[in-house]
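Encoded as structure tokens, the structure appears first; notes follow it.
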Amino acid sequence: MPQISRRMVQLLIVDSDPKVPDDSSLVWQGKTKATDLIDEELWFDEGVNMADDIKKRLDAHNMERQKLKLEAVRLRDLQRKVALLSAREPDFLTEDESHEFAELRQRNGRIDDLQRFAIANPDR
């Protein structure tokens, strides 16, 4: 399993319903932090700290949804995201893979290119 290097991240909980305006779609956002934890560990670690806050935020968000004549959502209906703010380049790629990865990022991470890269490198 590849080693996760230190990175700056921020955890987000988002309502991805297209009927919810963009400025109302962010339900919760964690503090920016430096970590070497994998995404699942980040959510587990943060879960202890966010329990009270998320209940209040979810209630407020559901009131906004009600104004839009949308049904209330539960936490499990929302998307959990880990926003990568900065990181070192992965140190587990070969030189050729690092070059290809840099080219993909330069092309603004087109999804088809990233999928092709992931399929070509399933062990990474």
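The values are calculated or read from the model by the stated rules, or taken from the named source; none is laboratory data. Note that the coordinates shown come from a computational prediction; the quantities given were computed from them, not determined experimentally. Please note: Cβ atoms are built from the backbone with ideal geometry, for glycine as well, and neighbour counts cover all protein chains shown.
Need pairs with beta-carbon distance below 8 Å; first residue in a helix (DSSP H, G or I) and within region 39-63, second of a type in the set (Asp, Glu); sequence gap 6+ or separate chains. So the pair list comes out as 61/15.
Of everything listed in (1) at pLDDT 85 or above; (2) in a helix (DSSP H, G or I), the single unmet condition for residue 98 is (1). Being among the small types (Gly, Ala, Ser) and at pLDDT below 75 holds for only one residue in 47, 30, and it is 47.
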